[in-house]
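Let me begin by presenting the structure, written as structure tokens, before commenting on it.
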Amino acid sequence: MAKKYAIGMDIGGTKIEIGLVDRYGTIHHKKRISTQANRKQEVIEQEIIQTIQEFHDLGKSFICGIGMGVPGQVSAKDGSLVFAPNLNWHNISLKKKIEDVTSLPVTITNDGRAATWGEWLNGAGKGSNNIVCVFVGTGIGGGIVNEGKVMSGYTNCAGELGHTIIQMNGPPCTCGSHGCFEAMASGWAIAKKAKEWVYKNPSQGKALLDLTEGDISATSAKLVIQAYKEGDIVAGQILNEVMEALTIGCSNMINVFNPERLILGGGVIHGLPEAVDYIKKRVKNYALKAATSTLKILPATFTEDAGTIGAGALAWHQYLTSYDKETLL
């Protein structure tokens, strides 16, 4: 029997990763495409389609389908990407374009929900039917599995954990609101906090200035975490505030969904693994005792490739359930 694969695609705020994913969540080939803000949407779309075609040819021994995780709101009606705030993309019909080119079934969902599929089927959520995943990367996303079903909501917006409010009248968010979880604790929020601090107090931001070679506009969450690990006091204070915000946001998820497992992933968590222990210790100050008494808080199994593996898992699920779309969206 020919080897079977799904094509998994994770569209993120800074990059797109496309991979050939087997039934067990292993990536056999992958490619990255930049989604930096200075690149035109149409150019990126064309690169996506070309890469999908390449992968289709590479794995034509048998491709069971294509799964896509996108950073925004997906239409439950036709699978179009309604709005991706971190990319400023609106009303894109990638699903239809790719289906037309490949003649393969395409399943599209929110990127956090896609990564949740991967953790539930093959990662830290395997064996549990009640999990909440929180992924902290450029933005904050996630997904909820409740009684063995991935929640999608009436208009397919369930799991927008990053846009729950954790501070009234807090800092502005890319979604247009204020005080969102994402605006307080995401990768872009960390970079923004650091830039503001150093602009106001350059004498206190020496480590960050050194790491950016004097160009504070080049500050990223990764560099802030690096400065923290080198003992920088400013970076340490910023990240302590971020970890407390993460704890509050996660506590809200625990109180609302009462999961058996809370799974924490994404680039920020991967770079700052002590955040998992911080949240474990502090969450009991905010969440209900009945909801935390048997709760397991775990790091995600998958790190950089979580979204790609999850998107592949979604395509596999569609294939193995005979395209029963009611269970997928």
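Could you identify the single residue in Ile269, Ile279 that is crowded, with 22+ Cβ neighbours inside 10 Å, β-branched (Val, Ile, Thr) and farther than 18 Å from Thr138 by Cα? Before you say what the answer is, go through the steps one by one.
Numbers: Ile269 fails: farther than 18 Å from Thr138 by Cα.
The unique qualifying residue is Ile279.
For every residue, the table says whether it meets (1) surrounded by fewer than 20 Cβ atoms within 10 Å (Cβ to Cβ); (2) farther than 29 Å from Ile190 by Cβ; (3) out of contact with any helix residue (DSSP H, G or I) (no Cβ under 7 Å at 6 or more places or on another chain).
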{"site": "Ser93", "(1), (2), (3)": "yes, yes, yes"}
{"site": "Asn110", "(1), (2), (3)": "no, no, yes"}
{"site": "Trp120", "(1), (2), (3)": "no, no, yes"}
{"site": "Val134", "(1), (2), (3)": "no, no, no"}
{"site": "Val145", "(1), (2), (3)": "no, no, no"}
{"site": "Gly148", "(1), (2), (3)": "yes, yes, yes"}
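Would you point out the residue of region 201-237, among those that are in a loop (DSSP other than H, G, I, E, B) and of a type in the set (S, T, N, Q), that is modelled with the lowest pLDDT? Break it down into steps so the answer makes sense when it comes.
Start the filter on region 201-237 by keeping residues that are in a loop (DSSP other than H, G, I, E, B), which leaves 201, 205, 212-215, 219-220, 230-232.
Narrowing the set further to residues that are of a type in the set (S, T, N, Q) leaves 201, 212, 219-220.
Details: Asn201: 81, Thr212: 85, Thr219: 92, Ser220: 94.
The extreme case among them is Asn201.
Might you check whether a residue that is surrounded by 22 or more Cβ atoms within 10 Å (Cβ to Cβ), modelled with pLDDT under 90, among the hydrophobic types (A, V, I, L, M, F, W, C) and assigned to a strand (DSSP E or B) occurs anywhere in region 20-34?
No, region 20-34 contains no residue that is surrounded by 22 or more Cβ atoms within 10 Å (Cβ to Cβ), modelled with pLDDT under 90, among the hydrophobic types (A, V, I, L, M, F, W, C) and assigned to a strand (DSSP E or B).
Just a yes or no: is a residue in region 50-69 closer than 29 Å to Glu182 by Cα and surrounded by fewer than 22 Cβ atoms within 10 Å (Cβ to Cβ)?
Within region 50-69, none of the residues are closer than 29 Å to Glu182 by Cα and surrounded by fewer than 22 Cβ atoms within 10 Å (Cβ to Cβ).
Does region 92-111 include one or more residues that are farther than 26 Å from Gly265 by Cα, under 20 Å from the mean Cα position of the chain (by Cα) and in a strand (DSSP E or B)?
Checking region 92-111: at least one residue is farther than 26 Å from Gly265 by Cα, under 20 Å from the mean Cα position of the chain (by Cα) and in a strand (DSSP E or B).
Within the set of pairs 6 or more residues apart or between chains, which connect a residue that is more than 20 Å from Ala84 (Cβ to Cβ) inside region 163-180 to a residue that is among the aromatic types (Phe, Trp, Tyr) and buried (at least 18 other Cβ atoms within 10 Å of the Cβ) with Cβ atoms less than 6 Å apart?
Qualifying pairs under 6 Å: Ile166/Phe181.
Scan region 164-190 for residues that are surrounded by fewer than 22 Cβ atoms within 10 Å (Cβ to Cβ) and either in contact with a Cys (Cβ under 8 Å, 6 or more places away or on another chain) or closer than 30 Å to Gln226 by Cβ (or both) and jot them down.
Hits for region 164-190 are Thr164, Ile165, Ile166, Gln167, Gly170, Pro171, Pro172, Thr174, Cys175, His178, Gly179, Trp188.
How many residues does region 265-300 hold that are farther than 19 Å from Ile190 by Cβ, touching a Cys at 6+ places or on another chain (Cβ under 9 Å) and in a helix (DSSP H, G or I)? Write out each step before concluding.
Here is the first cut: in region 265-300, the ones farther than 19 Å from Ile190 by Cβ are 280-281, 283-298.
Applying the additional criterion that residues be touching a Cys at 6+ places or on another chain (Cβ under 9 Å) yields 283, 286-287, 297.
Filter once more, keeping what is in a helix (DSSP H, G or I): 283.
Of the residues in region 265-300, 1 are farther than 19 Å from Ile190 by Cβ, touching a Cys at 6+ places or on another chain (Cβ under 9 Å) and in a helix (DSSP H, G or I).
Among the residues of region 129-144, what is the count of those that are touching a Pro at 6+ places or on another chain (Cβ under 8 Å) and either over 20 Å from Gln73 (Cβ atoms) or aliphatic (A, V, I, L, M) (or both)?
4
The values are calculated or read from the model by the stated rules, or taken from the named source; none is laboratory data. Predicted, not measured: the structure shown is a model, and the values here were computed from it. Every residue, glycine as well, gets a Cβ built from its backbone with ideal geometry; the counts of neighbours run over all protein chains shown.
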